[in-house]
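Asker: Mind looking over this structure? Questions follow.
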Amino acid sequence: MDKDLKEEEIAKTVEVSAKESNDNNATTKRIKSIDRFRGFCVFCMLIFQFLKNFPSLGFLSRLADHSLENGIVILPGMTLADIIAPAFIFAIGLTFALSFSKWQRLYGLKRAIIHYLERALAIIGLGTFLDLCNKVLDSFSGYTLNAFDWTIFAFSIIAIIGLVLRILATIPSWKKKLSLPAEQIFYIALSCMGIMNIIITTIDFVNIFNDFGAFRFDYWVTLQGIGFAILVALPFVKSKSWVKFLGAALIFVAFTIFHQIGNNKEWLDVIVHGGVVGGFGWGAMLIFDMFIADLYFKNKANAFMSSLFFCAIGIFLIQWLGNINMGSCSPTFILVSVGLSGIIFFVFDALDKYHKTKFDPLVWWGKNPIIMFLLEFFVIGVYTTVMPEGMLAGASWYLALIQGIVAIVALTAIAYGLSKSKKSLSL
Amino acid sequence: MKKKNKIQEISNIENVEEQNIEIESSSSENANNEIVRENEVVEVEKEKQDDKIEIKENKKTKKQKQNVESDKSQKPKERILSIDRFRGLCMFAMVCSFVFGIFSAFGFFAPIIEHGEGGFQVLPGVSFADLFAAMFIFVIGLTMVKSFKSREQKFGTRRAYFQLATRFLALIGVGILFNGFENGWAQIFTGESTWADLSIKIQIFGVMFWIAVALLIVYAVSLFVKNEKFKRIAEAMFRYFLAIAGIMALYFILVSTGEKITPPVDGERFGGWEWDTLQNIGLAGLLALPFVKYDKWGRLTIVGITFVVMSVLMQNGLFPLANSILEGGIFGGFSWACILLLGTIFAELKDHKFYWILSALLLLISVVLIVGFDFIAAKRGCTPVYAIFCASISSMIWGGLNFLNNWKPKFDFFAIWGSNAILTYILTIFFVGMILGGVFGETLSAVNIGVAIVITILILALFTVMNWLLKRKNKYIRI
């Protein structure tokens, strides 16, 4: 926990030149629509996931379903749930370059690069840790932990020690001594887990490539995809808009060629989001998002227009490149996701001027995505594991609705509390 | 010179008056020190003088404005090159597709010149060749509002409407008279039919075709006779005759459409099912005309409403009926009118930030509906999604060409081709389509690729030279 806003806050700040003052003084002004948009993504990720446990809620329970059979299909091969992760990546893309610049200004280029490398690897590491938790839970029902699981287990303990020390470092008298080592222990442990995850997921893909039914470590989900996308996008963070576009286009074209050749699409589909190779697609997506973000800060109309074009071209290409497929991170998925996320964001941006009250739950949700994510994983996860079947899948619609409302209110209250006290967990 | 002198005089007078006022005001200030009442009187005087100055200044600005306006009107109207170029691109593509279609040796071009399912599918149901007719209508839309406004300024609103309506009816007339030739006389000349075999409608339009040719000759002669009255009468007779043919064509197609929906009990039909691209353009213009005085957002609303209504109808049973006739007949006309209106809207948004947003939005809506929701897209029948897809593509091309407006080469190929589009179009249909493709079709179809290339280059060169000469002499043939 950190009382300062630090980089998580920095990431959400946008410099707006002070028009009123004639000198060069610049003021920092939060763009609420970005916070709201991020909050919307986190809210959808968590609450829809929770509602998935209650079939009696009808379409509400299908909102988080990625399968074409049960999910809400919005485009060929794409369900409503498929847009949430790319939208979250879009939210990252909106502030990535600005956040990096801020770090560079404060601590220099080298440290900024190291920080963001660590940050990306730590996100992958965090995803790895959450996967390990699932595997440990599975071990109670027969799954045998392998050597890699135990290695991750060991690093997880080091990361937890780092986290505990970070919490202890909030005590004023210990802050000076503990703060830096605690942070480094936490970061390095998570980063190591991230690096190991990239290696074993690559091995997984090679195994699938050689033998479709081969053993897999299976350590890749959404957080890993997001972290890897940040790694891919990092070299472009300081580039000009057109370089970003060109870089993303080149990665996109290379990935598209790979995706379309032979059975690659099917193989990519085996690992969640295409694994490490699919991560390049996610990376291209993030760079495209950053390109739109650049346009947004220069000219909103151009940015909106670009989003529309991305979406239209993505759907247009379906007839040649095949249906949208989140599983393999298909090229059409990349383009449509970039465009659709942009369009949704611009809806938030357009509504921004109509929001006058201080009651802004989505902003609260958007300020602490990591804590909210962990809360959902552990609290809601434990709740759904512990509760009897009659309270979940067998619950009547009103019972399910009450639980849903309670979860929303409780999580919103926590988000509000964290926002009010300016507490945040940063990676 | 006179104007300049007058302006000089006015400014001199004002200078003198300003000086007088200054003297008066300074004297009034002196008086102010002596008697307050006098001061009030002087202030009233001063206000009066100020009023005078204001009136004079108003007069001056009015006169200046008039001078500026007269200067503007004296300046030659600069053509927007991108419109000519875009029109030229459409015409060139159309002529090429006509010419390539004649020769079997150019069979490899089939995917790009064939309509419907036979051509290269840009979207399911929309071939590459299907885009160009819509683009041409879009280009007409780019100049429609401007054309209406200039006529309105010269002749008044009512006459502007009348003139444009006549023009669109005449286009329908030209189209139907070509049908009279193609489906009537061409059949008789090639021995495929006799006069008696022809339907009464074709017989009527067949006869009218030769009357129109005669009137055209008279009109052409009038251009070389130094008699303005004769020229005006010849031109009017030709135009109104074509418009009457257009009204008749509209009547027959309406009756025929009614008979398709509710077939006559005794089986005897009175309508005519002849319909082609020119009729289609004319009908689109007529349907769009009532909205030409709306502002761009009003027109966009009309397009939106038409799009929704026609989409619902097309998806729920209307499409087979619309698809049974080239370009959708009366039903398709509504969607073609949408393309035309979108052309007028984009013309006004040329330098607006909303231009590319609207363009992208139309593309997105059409692509989502066609690819995502299996909406029917077809040129034959002109479904609304096809219409907005083509309008978005057209707007993107025109938007791109707008960036080249400052590039003015001496030999501007597409601008030359676009300068006399209607003439090129009519000549293409008549000479390339009907004479070369129809009468000499079998012979030309059998020639080898070398001869085909030579003939193609020759035809394209002839059209280029014709357009270049007409443009050079500032001759623009309009109906």
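The values are calculated or read from the model by the stated rules, or taken from the named source; none is laboratory data. If you're wondering where the values come from, they're calculated on a predicted model, not measured in any experiment. Cβ sites come from the backbone with ideal geometry, for glycine too, and all protein chains shown count toward neighbours.
Asker: Regarding region A:329-342, can at least one residue be identified that is modelled with pLDDT under 90, of a type in the set (A, V, I, L, M, F, W, C) and part of a helix (DSSP H, G or I)?
Answerer: No.
Asker: While we're on this one: Residues A:275, A:262: which one is over 11 Å from residue A:328 (Cα atoms) and away from chain B (no Cβ under 14 Å)?
Answerer: That would be A:262, the only listed residue that is over 11 Å from residue A:328 (Cα atoms) and away from chain B (no Cβ under 14 Å).
Asker: Filter region B:95-149 for residues that are within 14 Å of chain A (Cβ to nearest Cβ) and within 26 Å of residue B:81 (Cβ to Cβ); which is surrounded by the fewest Cβ atoms within 10 Å (Cβ to Cβ)?
Answerer: Result: B:128.
Asker: If you don't mind, there's one more thing I want to ask. Could you tell me whether any residue of region B:247-264 is closer than 23 Å to residue B:344 by Cβ, touching a residue at least 12 places away in the same chain (Cβ under 8 Å), surrounded by 14 or more Cβ atoms within 10 Å (Cβ to Cβ) and not basic (Lys, Arg)?
Answerer: Yes - at least one qualifying residue is present in region B:247-264.
Asker: Filter region A:298-317 for residues that are among the hydrophobic types (A, V, I, L, M, F, W, C), within 22 Å of the chain's Cα centre (by Cα) and more than 8 Å from every other protein chain (Cβ to nearest Cβ) and give the result.
Answerer: Selection gives A:303, A:310.
Asker: Here's something else I'd like to know. So which residues in region B:343-357 are more than 7 Å from chain A (Cβ to nearest Cβ) and touching a residue at least 40 places away in the same chain (Cβ under 8 Å), if there are any at all?
Answerer: Passing the criteria: B:343, B:344, B:345, B:346, B:347, B:348, B:349, B:350, B:355.
Asker: Also: Could you tell me which numbered condition residue A:315 fails, if it satisfies all but one of (1) among the aliphatic types (A, V, I, L, M); (2) touching a strand residue (DSSP E or B) at 6+ places or on another chain (Cβ under 8 Å); (3) free of Cβ contacts under 8 Å to residues at least 12 places away in the same chain?
Answerer: Among (1) among the aliphatic types (A, V, I, L, M); (2) touching a strand residue (DSSP E or B) at 6+ places or on another chain (Cβ under 8 Å); (3) free of Cβ contacts under 8 Å to residues at least 12 places away in the same chain, the lone unmet condition for residue A:315 is (3).
Per-residue answers, yes or no, for (1) part of a loop (DSSP other than H, G, I, E, B); (2) outside the structural domain of residue B:297 (by TED's automatic domain parsing); (3) in contact with a Cys (Cβ under 8 Å, 6 or more places away or on another chain):
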{"residue": "B:343", "(1), (2), (3)": "no, no, no"}
{"residue": "B:367", "(1), (2), (3)": "no, no, no"}
{"residue": "B:377", "(1), (2), (3)": "yes, no, no"}
{"residue": "B:388", "(1), (2), (3)": "no, no, yes"}
{"residue": "B:392", "(1), (2), (3)": "no, no, no"}
{"residue": "B:422", "(1), (2), (3)": "no, yes, no"}
{"residue": "B:426", "(1), (2), (3)": "no, yes, no"}
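The rows are residues; the columns are (1) within 11 Å of chain A (Cβ to nearest Cβ); (2) at pLDDT 90 or above; (3) buried (at least 18 other Cβ atoms within 10 Å of the Cβ).
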| site | (1), (2), (3) |
| --- | --- |
| B:341 | no, yes, yes |
| B:363 | yes, yes, yes |
| B:395 | no, yes, yes |
| B:410 | no, no, no |
| B:413 | no, yes, no |
